[in-house]
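> First, the structure itself, so that you have it in front of you.
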Amino acid sequence: MKILIYSPIFYPSIGGLETVISILAHEFVHHGHEVKLVSKVPDPESKVFPFEVIRNPNSQKILDLTRWCDIYFQGCVSLKGLWSIVLARKPLVVTHQTWYRYPETRLTWQAALKHWVTHFATNIAPSEAVANQLPSPVKVIPNSYQDDIFYEMPEVSRNQDLVFLGRLVSDKGADLLLDSLALLKQQGLKPHLTIIGKGPEENNLKQQVENLGIVNQVKFVGSQVGEALARLLNAHKILVVPSLWQEPFGIVALEGIACGCVVVGSEKGGLKDAIGACGVTFANGDVNGLTQALADLLLNTDKLEKYRRNRETHLARHRKDSVAKEYLQVLEGIVQ
């Protein structure tokens, strides 16, 4: 098949959608298909990929690429990228990786347009939560993770307690985790926490650590990627994903599970799908629920082993090859 991926954000931009699109593009090529990717993000380093990346093409080039392809594939609905398929009459496939309307909020006109587009597309979503927000039939295919980077490393000693991985923004709930750490201290539990990530809330979080009197329990290590990140995760027992907002999925949970962590995460949205039977959930924003979940695992290490035993079965459906094959079954069905 000839697959054109229209993804306005792509490398060197870093994020969940960029990761999903990159993995799929690489896997499509690995399975013998021809892929071209259109992006609006410039790359000063001109990184080489096993597929052609066309950055900021003009209208004629986009139309030519659309006429070339068998499948026009979008990572989330991009309204500005739809005009060419109307002229070229090519099938549209969209992987919906986020909310167009956040749960329990009003539908904006932009979101209404994107919902309308789903009636003319083959729709895929990474979780039931996202699928249930869309007005058209949706195939649920879970997201994958970079299984060549994130895996258990027996040579790394798992001698650290808690780890947080994510952008340091208010929605990700790192402040809630710090409050929970203070509550655990009142109960006589003093686990150490490693915070991985950067963001605008970093200074506020460091001040909160001082105010709560937990300076000797918390370590900020900044952004980490690749093997260095995987080794850090391997050194920890519990990955905490305390998002205040409803995550559409949560690849970070898969990365932690793959590295041998048990995950404690907020329950709304698609994060619970990513965690599966490899951890526990608590109500979004519930500091007491988070504290109780952490205390239970810290005091009952046998439960950690119970959740770890589920990892291989859970990860099997999230491996890059497995997820790509599910996507390709959908795409091949359209072409045939």
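Readers should treat all values here as calculations from the given coordinates under stated rules, not as data from a laboratory. Just so it is clear, the model here is predicted, and its values are computed rather than measured. Quick reminder, even Gly has a Cβ in these numbers, built from the backbone with ideal geometry, and neighbours come from all protein chains shown.
> If neighbour count is taken as other Cβ atoms inside 10 Å, put Arg106, Arg55 in order from fewest to most. Provide the component values of the computation, followed by the final result.
On the way: Arg106 7, Arg55 13.
Starting with the residue having the fewest Cβ neighbours, the order is Arg106, Arg55.
> How far is helix 59-68 tilted, in degrees, relative to the longest principal axis of the Cα atoms in the chain, given as a value from 0 to 90 rounded to the nearest 10?
Roughly 80 degrees between the two axes.
> Using a cut-off of under 18 Å, list every residue of segment 10-36 whose amide N is near the label point 7 Å from the Cα of Gln336 along the Cα-to-beta-carbon line.
Those under the cut-off are 31-34.
> Which distance in nm do the two modelled labels at Glu312 and Asp43 give, with both placed 7 Å along the Cα-to-Cβ direction?
Inter-label distance under the simple model: 3.6 nm.
> Angle check, please: helix 174-186 long axis (alpha carbons) against the longest principal axis of the chain (alpha carbons), in degrees 0 to 90, nearest 10.
For 174-186 against the chain, the angle is about 20 degrees.
> For segment 242-257, in order, what is each residue's ³J(HN,Hα) by Karplus, 6.51 cos²θ - 1.76 cosθ + 1.60 with θ = phi - 60°, in whole Hz (x at glycine and Pro)?
For segment 242-257, the Karplus curve yields x, 3, 7, 7, 7, 5, x, 8, x, 4, 4, 5, 4, 4, x, 4 Hz.
> Apply the Debye scattering formula to segment 192-336, with a single equal point scatterer on each alpha-carbon and no solvent, then give log10 I(q)/I(0) at q = 0.14 Å⁻¹.
Taking Cα atoms of segment 192-336 as identical point scatterers yields -0.75.
> Multiply the residue gap between Gln110 and Arg319 by 0.36 nm, knock off their C-alpha separation, and tell me the result in nm, one decimal place.
71.9 nm
> Once you have the alpha carbon radius of gyration of the chain, what is it after dividing by 2.2 N^0.38 Å, with N set to its residue count?
Working: Rg = 21.0 Å, N = 336, 2.2 N^0.38 = 20.1 Å.
Cα-based Rg divided by the globular estimate yields 1.05.
> Starting from the Cα-Cα distance between Val225 and Ser170, subtract it from 0.36 nm times their residue separation and give me the gain in nm to one decimal.
That pair, Val225 and Ser170, stretches by 17.6 nm at full extension.
> What are the residues whose amide H is under 5 Å from the amide H of Gly279, where those residues sit 5 or more places off or on another chain and H is modelled from the backbone?
Here Val263 satisfy the definition.
> With a 10 Å Cβ neighbour count serving as the proxy for reagent exposure, in which order, fewest first, do Ile275, Ile14 appear?
By the 10 Å Cβ count, ascending: Ile14, Ile275.
> For an R0 of 22 angstrom, estimate the FRET efficiency from the Cβ-Cβ distance between Asn132 and Leu79 and round to the nearest 0.05.
With a Förster radius of 22 Å, E is 0.45.
> Can you give the calculated 222 nm mean residue ellipticity of the chain, where each DSSP H run of n ≥ 4 adds -39,500 (n - 2.57) and the sum is split over every residue, rounded to the nearest 500 deg cm²/dmol? Walk me through the intermediate numbers first.
On the way: 14 runs with 133 residues, N = 336.
Calculated from helices alone, the mean residue ellipticity at 222 nm is -11500 deg cm²/dmol.
> I need Lys172, Lys325, Lys36 ordered by Cβ neighbour count within 10 Å, fewest first.
Final ranking by Cβ density, sparse to dense: Lys325, Lys36, Lys172.
> I'd like to know how segment 154-211 sits against the 2.2 N^0.38 Å rule of thumb: what's its Cα Rg over that expected value?
That ratio works out to 1.21.
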